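Just below is one structure, and these are the notes that go with it.
The values are calculated or read from the model by the stated rules, or taken from the named source; none is laboratory data. Fair warning: this is a prediction, and the values are worked out from it, not measured in the lab. Cβ: placed from backbone, ideal geometry, glycine included. Neighbour counts: every protein chain shown. What goes into the accessible areas is simple: the full protein's heavy atoms, side chains included, and nothing from ligands, DNA or RNA. Shrake-Rupley method; radii C 1.70, N 1.55, O 1.52, S 1.80 Å.
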Amino acid sequence: MKLVRTLFLCLVLVVKLSYSQEEGEEVEAEAPEEHAEGPGGEVVDERKPCAGWMGGVPGTPGHNGASGRDGRDGRDGTKGDTGEPGAPGEKGDTGEPGLTGPEGPRGFPGTPGLKGDQGESALLYRSAFSVGLIDRTPMPNVPIKFNKIFYNGQRHYDDSTGKFRCSIPGVYYFTYHLTVYLKDVKVSLYKSDKTIMFTFDQFQENNIDQASGSIILHLDTGEEVWLQVYGEEAYAGIYADNINDSTFSGFLLYPDMKTVNGDR
């Protein structure tokens, strides 16, 4: 609206100037040209513009001009106030597990638990023996009677037969160490009339040698274990005296679970 107004005033001014110029030309044509001379003899034009003319009727306003081009972008305004928080978005996917952190400090001891029931004592299941030989040359193919008793607290070894008889089923360890003198030795360990292992040692002239063996066996109640010379009398070189011993020992390693639980 301001632009239209300005254009209208300019149009009025142009019309007034045009009319004033035409009127001035008419006056110049009618009046004689009179020129005054200046002090130096130059000609001075004493004509003056007419200032007393009447303005004409304003013309009809022109059409609106075309819209101008868009102006340049203005400067950025000042930062506005922080808006209200938006609504929470949807839950994202689970991320990859992180690295294991360092071990934390040791915690305080926990509260002691309740006292448990009294268990079975291991002393209830004892079976062991250790015996030695008195006779120098035992007979072949019969149980060797070790009559020198080192330990036979439960009397599970019978020195009258030379046999150990199982009273507590479980796993047992047996070992023997025999002095060899004058003859070769070939001895076997039996379990209930079945040969389990052999030991052989060859006698060296004018020398005392040793033969030994050990084994772990499972025994059921009533099974027996013993040693005897195997074969001919030529292999009966087992020897013992006051400074040389031939020994036979065994003991229970652990009883069967059914025995521990009282199921005999």
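Worth a mention:
- Any chance Ser67 is open to solvent by 90 Å² or more (accessible area, probe 1.4 Å) and at pLDDT 55 or above: yes
- Gly153 at pLDDT below 90, more than 27 Å from Tyr230 (Cα to Cα) and of a type in the set (Gly, Ala, Ser): no
Residue-wise test of (1) within 58 Å of the chain's Cα centre (by Cα); (2) hydroxyl-bearing (Ser, Thr, Tyr).
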site	(1), (2)
Arg155	yes, no
Asp158	no, no
Gly162	no, no
Ser188	yes, yes
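- When Val187 is tested against the conditions (1) touching a helix residue (DSSP H, G or I) at 6+ places or on another chain (Cβ under 9 Å); (2) surrounded by fewer than 17 Cβ atoms within 10 Å (Cβ to Cβ), the lone failure is (2).
- When the strands (runs of 3 or more DSSP E) confined to the stretch 90-170 are screened for residues that are surrounded by 15 or more Cβ atoms within 10 Å (Cβ to Cβ), those reaching at least 2 such residues are found at 128-132, 163-165.
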